[in-house]
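Here is the structure we will look at.
The values are calculated or read from the model by the stated rules, or taken from the named source; none is laboratory data. Predicted model, so just to flag it, every value in this text is computed and none were measured. Quick reminder, even Gly has a Cβ in these numbers, built from the backbone with ideal geometry, and neighbours come from all protein chains shown.
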Amino acid sequence: MAEQDKILSTGELERVVAETVATTPITDIHTHIYDARFGDLLLWGVDELVTYHYLIAEVMRAEFGRTTPEEYYRMSKSAQADLIWQRLLIDNSPISEACRGPLTVLGALGLDVAGRDLNEMRGYFADKTAEEYIDKVFELVNVKEVVMTNDPFDEQEAAVWNQGGTGDARFKAALRLDGLIVRWEETAPLLAEQGYDVAADLSGNSYDEIMRFLAHWRDVMNPVYMAVSLSEDFSFPADDSQAKVIENAILPFAAKEDLPFAMMIGVKRLINPALKLAGDGVGKADIKAVEYMCANYADVKFLVTMLSRENQHELCVAARKFPNLMPFGCWWFLNDPSLIDEMTRMRIELLGLSFVPQHSDARILDQLIYKWSHFRNILSKILTEKYSDTMRSGWVPTREEIQRDVSGLFSDNFWEFVG
């Protein structure tokens, strides 16, 4: 070990880890943001940030008996933001993670958060272009690239893809399959209208035609993986359309094309329909479906995140048994500091460094700032503790080893897995 590489004390270790975590570029492997060519599909700015669905659910609690969800959704975007700002950040201390997020963003942008003036915050964004703001956010976060969520059944998005061109190289595509898997009965007629020989009951040439559809969009988007969001009652194998489409079209295509399949499992859809996007809940899923796929489709790479805290230990143990399974991120209701800390520690203790610890799931460009800032702080503390454990046994990490490890967690593990 070279003299300059030695970590000489616990205090120095803490500093080196913090600096490495803060300065290592990130690949955000799952987002819902877009590059600027997608126009208003890219959401950004303080009103979008403050009216995110996490905050809608919270303000409806604060407004119970005063404002109904129907009344809220009839408001203009700025009026919605005004209500949330007043009720959640002025009338109450903004200490929930959903409220803390916008404060982290606005503070990182150099705005006067202490002044509490939402209109002043709006002024900062008034003369920004989407292109300028993307550059600003990526620089602040030190994100080198993000993976979008791209739905071929969204007419507005499909029109952009069909225009051709490469767009911003920092934005990678992921082919979203919910239309094919979760909503097959609704989607089959749309595919038939596009000239695909499919049937609602999946008879005839349906599976081959689904794979032809996938091949078309693979060529158009050049996705790094295919993805689907599945409910907590998902089972596989099963005698239902979503399991049949996965078994007879998605997995054969994934194996043939060496295109990973990402599953996000555990949502309870619209347990409160009046809240719309804010109305989804969480349920414990059956890990047997994941285990079955990994065991019986060893030539397919599976990226998996699960929404229930109760599923995390099972997912880690499954990943120990199946190298074609990559756990990733702290998704949605798990993206809270106490749960991130718990999950990341458990994954390190069971899997070492062979996982993807976080993704932003950002729907608003600005969210990249707070989600990665908050995660970096948590990861620094955990890694410092874990390296300290090895130091007590005489194994002293070098700066180069720490940089290797953090680069793996933030980017390299993902790219090496997807190939």
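Inspection of segment 264-273 finds a residue satisfying the criterion of being within 25 Å of Trp331 (Cβ to Cβ), surrounded by fewer than 17 Cβ atoms within 10 Å (Cβ to Cβ) and of a type in the set (Val, Ile, Thr). Exactly one residue out of Gly101, Gly107 is under 24 Å from the mean Cα position of the chain (by Cα), part of a helix (DSSP H, G or I), farther than 15 Å from Tyr52 by Cα and not charged (D, E, K, R), and it is Gly107. How about segment 287-329: which of its residues are of a type in the set (Asp, Glu) and over 21 Å from the mean Cα position of the chain (by Cα)? If the condition is that a residue be of a type in the set (Asp, Glu) and over 21 Å from the mean Cα position of the chain (by Cα), then Glu291, Asp299 are the ones that fit.
Restricting Val59, Val21 to those that are surrounded by 15 or more Cβ atoms within 10 Å (Cβ to Cβ), closer than 21 Å to Val141 by Cα and not acidic (Asp, Glu) reduces the list to Val21. Taken together, Arg87, Arg15 contain a single residue that is part of a helix (DSSP H, G or I), crowded, with 19+ Cβ neighbours inside 10 Å and of a type in the set (Lys, Arg), which is Arg87.
For segment 371-399, give me each residue that is small (Gly, Ala, Ser) and over 18 Å from Ser338 (Cβ atoms). Answer for segment 371-399, where residues must be small (Gly, Ala, Ser) and over 18 Å from Ser338 (Cβ atoms): Ser388, Ser393, Gly394. When Ala238 is tested against (1) surrounded by fewer than 21 Cβ atoms within 10 Å (Cβ to Cβ); (2) under 23 Å from the mean Cα position of the chain (by Cα); (3) among the hydrophobic types (A, V, I, L, M, F, W, C), exactly one condition is not met: (2).
Of all residues in segment 308-361, those that are of a type in the set (S, T, N, Q) and farther than 21 Å from Glu232 by Cβ total 6. Under the condition of being touching an Asp or Glu at 6+ places or on another chain (Cβ under 8 Å), of a type outside the set (Lys, Arg) and under 14 Å from Phe234 (Cβ atoms), the residues counted in segment 261-285 number 6.
Of the residues making up segment 125-132, one or more are at pLDDT 95 or above, of a type in the set (A, V, I, L, M) and surrounded by 14 or more Cβ atoms within 10 Å (Cβ to Cβ). Give me the residue from segment 233-250 that is part of a loop (DSSP other than H, G, I, E, B) and among the acidic types (Asp, Glu) and, out of that set, farthest from Ile265 (Cα to Cα). So, considering only residues that are part of a loop (DSSP other than H, G, I, E, B) and among the acidic types (Asp, Glu), the one farthest from Ile265 (Cα to Cα) is Asp239. For segment 24-75, a residue qualifies if it is touching a residue at least 24 places away in the same chain (Cβ under 8 Å), acidic (Asp, Glu) and not in a loop (DSSP other than H, G, I, E, B), and the qualifying residues are Asp28, Asp47, Glu48, Glu58, Glu70. Here the helices (runs of 4 or more DSSP H) wholly within segment 151-231 that include at least 3 residues being aliphatic (A, V, I, L, M) are 155-162, 184-193, 206-221.
Taken together, Gln403, Gln367 contain a single residue that is under 16 Å from Ile29 (Cβ atoms), out of contact with any Cys (no Cβ under 6 Å at 6 or more places or on another chain) and not β-branched (Val, Ile, Thr), which is Gln367. Pairs linking a residue in segment 228-246 that is on the phi < 0 side of the Ramachandran plot to a residue that is part of a strand (DSSP E or B) and among the charged types (D, E, K, R), with Cβ atoms under 8 Å and 6 or more positions apart or on different chains, are Val228/Arg176; Ser231/Lys268; Glu232/Lys268.
Under the condition of being part of a helix (DSSP H, G or I) and touching a helix residue (DSSP H, G or I) at 6+ places or on another chain (Cβ under 7 Å), the residues counted in segment 295-314 number 3. Of the residues making up segment 171-198, those that are surrounded by fewer than 14 Cβ atoms within 10 Å (Cβ to Cβ) and either more than 24 Å from Ser231 (Cα to Cα) or of a type in the set (Gly, Ala, Ser) (or both) are Glu193, Gln194, Gly195, Asp197. Pairs are defined by a Cβ separation below 8 Å, a sequence spacing of at least 6 or placement on different chains, a first member in segment 197-226 that is more than 20 Å from Thr166 (Cα to Cα), and a second member that is assigned to a helix (DSSP H, G or I) and basic (Lys, Arg); the pairs so defined are Leu202/Lys244.
Criterion first (under 28 Å from Ala159 (Cβ atoms), under 29 Å from the mean Cα position of the chain (by Cα) and crowded, with 19+ Cβ neighbours inside 10 Å) does Thr51 satisfy it? For Thr51, the condition - under 28 Å from Ala159 (Cβ atoms), under 29 Å from the mean Cα position of the chain (by Cα) and crowded, with 19+ Cβ neighbours inside 10 Å - is met.
When segment 385-407 is filtered for residues that are within 27 Å of the chain's Cα centre (by Cα) and of a type in the set (Val, Ile, Thr), the ones remaining, listed by number, are Ile402, Val406. For segment 24-48, enumerate the residues that are buried (at least 19 other Cβ atoms within 10 Å of the Cβ) and either at pLDDT below 95 or more than 30 Å from Tyr73 (Cα to Cα) (or both). Once the filter is applied, which keeps residues that are buried (at least 19 other Cβ atoms within 10 Å of the Cβ) and either at pLDDT below 95 or more than 30 Å from Tyr73 (Cα to Cα) (or both), segment 24-48 yields Thr24, Ile26, Thr27, Asp28, Ile29.
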